[in-house]
Amino acid sequence: MTTQSPDALPSLARRQQAALVDEESARRLAASGLELRLVGSDAARDTWLQTVARAFLDSERSAEQLDANRERGAYRRPVGVYDPSAPDPDAPVGSVASWVTELTVPGGETVPTLAVSAVTVAATHHRRGIARALVEGELRTATALGVPVASLTVSESQLYGRYGFGAAVPVASWRIDTRRAGWLGPSPAGRVDFVSRERFRALAPALHERVRTGTVGEVPVPDGLWDTFAGTRPDAKDAGKTRAVQYADGDGEVRGLLLYSVDENVVDFARSTATVSLLLAETPDAHAALWRFVLGLDLIGEVRASELSVDEPLRWMIADQRAAHVEVVDHPYVRILDVPAALVARRLAASGVLALDVADPLGITGGRWLLRVDEEGRGVVDDWPEGAPAPAGSTTVTLGVTELATAYLGGVSLATLAAAGRVTTSDAAHAARVLGWHEAPRLSFWY
Ligand SMILES: CC(C)(COP(=O)(O)OP(=O)(O)OC[C@H]1O[C@@H](n2cnc3c(N)ncnc32)[C@H](O)[C@@H]1OP(=O)(O)O)[C@@H](O)C(=O)NCCC(=O)NCCS
């Protein structure tokens with residue numbers, strides 16, 4: 001997929017922004033007296049945003065916040081469901097936002113993905129199929145445009161399997177007892193300095209771009225989100241709590257950035273807590289130096305961090321592993337919209353032939369394919385006609401599109417899914433080697 005021309009992604013993104021709403025979902029909602037519409041004008045976007053804020057338990061947005069959002073939220077395609085019989089027919093009763101971006105896949109390549117966000121239904125209208133119509137509609141629209149994958153981060157983990165999304169990137173939350181942790185890691189020669197949040201805001205986008213293209217599971221941070229992370233939005237709450245730190249290497253190049261905040265322990269001041277909201281490191285030195293810095297903060301007894309890789313090298317940098325309490329949770333979910341395109345977009349980890357029988361309850365990309373992988377890990381996909389036997393020497397794999405998405409980034413092994421009864425295969429070890437990857441994927445933020 002990275003072999004496309006460089007303007008292919010922006011062009012795909014523009015076409016997705018402008019696409020009409022899905023006819024099937026519009027028809028389904030119309031049968032219940034509801035209208036599915038693209039949200040166009042500034043006034044309509046403001047009202048739409050109020051509905052989203054309410055569903056996510058936020059306060060009503062102020063005029064200042066609505067103003068700020070117009071530019072910050074422009075990258076998204078907002079869609080609403082409207083009830084003409086409601087007292088305020090201009091306020092949507094359902095919402096979704098999506099945009100085309102790119103997902104880093106094994107092998108250092110990227111694949112276009114439909115990022116989905118802001119899925120809400122007003123409590124007055126919930127459990128009537130509105131969210132299903134919205135999500136399915138946006139998936140069908142993206143599929144028709146040729147977007148091979150979709151992805152999202154979720155408020156509740158049981159919501160999206162029904163649409164074929166799989167939990168593709170398990171991540172870890174850490175609580176570290178700093179008094180106990182000790183340090184076995186390196187002491188890099190570069191320097192660590194406090195910087196302003198504005199400087200963090202200025203440096204972070206380019207650094208993140210370099211980091212995310214080398215990290216399976218990452219997607220670009222939409223530009224408007226940087227002000228939210230850095231606390232540089234004019235309407236940011238408690239912005240002053242956020243501290244920013246940079247790591248510069250021996251040549252003075254900034255290779256790492258850290259954002260954290262502290263919470264005072266009122267009983268024992270010297271056991272206060274620091275929470276890392278983002279640690280971006282382009283080099284192992286930057287990674288080690290920033291972790292060493294935060295674990296060594298005065299008056300801090302506990303450091304918390306989340307959305308870390310499940311194979312975080314920090315485990316091997318602290319002297320006492322039991323100083324860390326680690327909890328693994330599901331983070332981004334991935335949905336495959338085009339099985340052949342998604343499979344050839346990533347590098348495979350072992351050669352051979354997989355005869356894949358993929359079931360898709362939404363009928364978007366189910367089918368039978370032969371994935372032939374060469375010694376370089378490059379795959380080609382051919383149809384595997386119904387009734388034809390699997391080629392001699394191939395490994396058969398029968399699975400749902402959710403399970404394929406779960407294994408797609410190498411975060412979960414097909415052998416594990418087979419042991420869990422979610423995949424049937426003639427050779428679990430071979431199937432796992434082909435779709436596996438040597439690095440755990442990671443997504444370091446929410447969208
Ligand atoms: C999540 C939310 C959008 C679902 O809205 P809804 O009106 O129930 O949506 P639908 O009626 O289309 O239901 C879709 C499916 O999800 C299921 N579902 C809805 N809420 C659920 C929940 N909390 N737990 C498990 N399943 C749930 C429904 O049973 C339905 O299943 P089915 O289609 O397989 O029968 C709504 O509850 C909401 O706005 N929640 C707050 C905001 C939020 O968390 N959004 C999700 C962001 S990732």
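The values are calculated or read from the model by the stated rules, or taken from the named source; none is laboratory data. Just so it is clear, the model here is predicted, and its values are computed rather than measured. Cβ: placed from backbone, ideal geometry, glycine included. Neighbour counts: every protein chain shown. These accessible areas exclude ligands, DNA and RNA; they are computed on the full protein's heavy atoms, side chains included. Shrake-Rupley method; radii C 1.70, N 1.55, O 1.52, S 1.80 Å.
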Restricting to Cα pairs under 8 Å and 6 or more apart, the percent relative contact order of the chain works out to 17
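Quick check on the range 31-80: take the gyration tensor over C-alpha atoms, sort the square-rooted eigenvalues as a ≥ b ≥ c, and tell me if it's rounded (a/c under 1.5), prolate or oblate. Walk me through the intermediate numbers first.
Details: a/c = 2.31, a/b = 1.42, b/c = 1.63.
Oblate shape, in that a/c is at least 1.5 and b/c is the bigger or equal ratio.
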With every protein chain kept in place and a 1.4 Å probe, the chain has an accessible area per residue in Å² of 44
Looks like the range 131-173, by Cα gyration tensor root eigenvalues a ≥ b ≥ c and the a/c under 1.5 rounded cutoff (else prolate when a/b is bigger than b/c, oblate otherwise), is oblate
So, relative contact order of the range 77-213 in percent, Cα under 8 Å, 6 or more apart, is 19
Plugging the Cβ-Cβ distance of Thr424 and Arg179 into 1/(1 + (r/R0)^6) at R0 = 56 Å yields, to the nearest 0.05, a FRET efficiency of 0.70
If R0 = 30 Å, then Ala144 and Trp446, at their Cβ-Cβ distance, give a FRET efficiency to the nearest 0.05 of 0.60
Largest first and rounded to whole Å, the semi-axes √(5λ) derived from the alpha carbon gyration tensor of the chain read 36, 32, 19
In whole angstrom, the spacing between the Cα centers of the range 324-358 and the range 130-186 equals 13
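For Glu64 and Thr124, calculate 0.36 nm times their separation in residues minus their Cα-Cα distance, and state this gained length in nm to one decimal. Before the final figure, lay out the partial values.
Details: separation 60, 0.36 × 60 = 21.60 nm, distance 2.76 nm.
Here the answer is 18.8 nm.
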For the pair Ala30 and Val267, the simple spin-label estimate (label points 7 Å beyond Cα toward Cβ) gives in nm 6.3
Here the relative contact order (percent) of the range 1-105, from C-alpha pairs under 8 Å and at least 6 apart, is 31
Cβ-Cβ cut-off under 12 Å around Val423, Lys and Arg +1, Asp and Glu -1: the net charge is -2
For the range 354-443, listing GluC sites (Glu not before Pro) in a DSSP loop whose Cβ sees at most 11 other Cβ atoms within 10 Å gives Glu375, Glu376, Glu386
Across all Cα atoms of the range 311-447, Rg and the largest Cα-Cα distance (Dmax), in Å, are 16.6, 58
Dividing the alpha-carbon radius of gyration of the range 86-211 by 2.2 N^0.38 Å, where N counts its residues, gives 1.51
Helix-only [θ] at 222 nm, the chain, -39500 (n - 2.57) per DSSP H run of 4+, per residue, nearest 500, equals -8500 deg cm²/dmol
In terms of the charge dipole of the chain, which places +1 on Lys and Arg and -1 on Asp and Glu at the beta carbon, the residue among Phe269, Ser196, Val353 farthest towards the positive end is Phe269
Most packed first (mean Cβ within 10 Å per residue), the peptides 298-307, 56-65, 130-139, 14-23 order as 130-139, 298-307, 14-23, 56-65
Net charge near Thr365 (other residues with Cβ under 10 Å of its Cβ; Lys, Arg +1; Asp, Glu -1) is -1
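From the Cα gyration tensor of the range 241-331, with a ≥ b ≥ c the square roots of its eigenvalues, which class applies: rounded if a/c is under 1.5, or else prolate if a/b is larger than b/c, or else oblate?
Oblate, because a/c is 1.5 or more while a/b does not exceed b/c.
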Extension length gain for Arg14 and Gln321 (0.36 nm per residue less Cα distance), in nm, is 105.7 nm
For the chain, the accessible surface attributable to carbon and sulfur atoms (probe 1.4 angstrom, ligands and nucleic acids excluded) amounts in percent to 50
Treating every alpha carbon of the range 189-301 as one equal point scatterer without solvent, the Debye formula yields log10 I(q)/I(0) values at q = 0.10, 0.19 Å⁻¹ of -0.30, -1.02
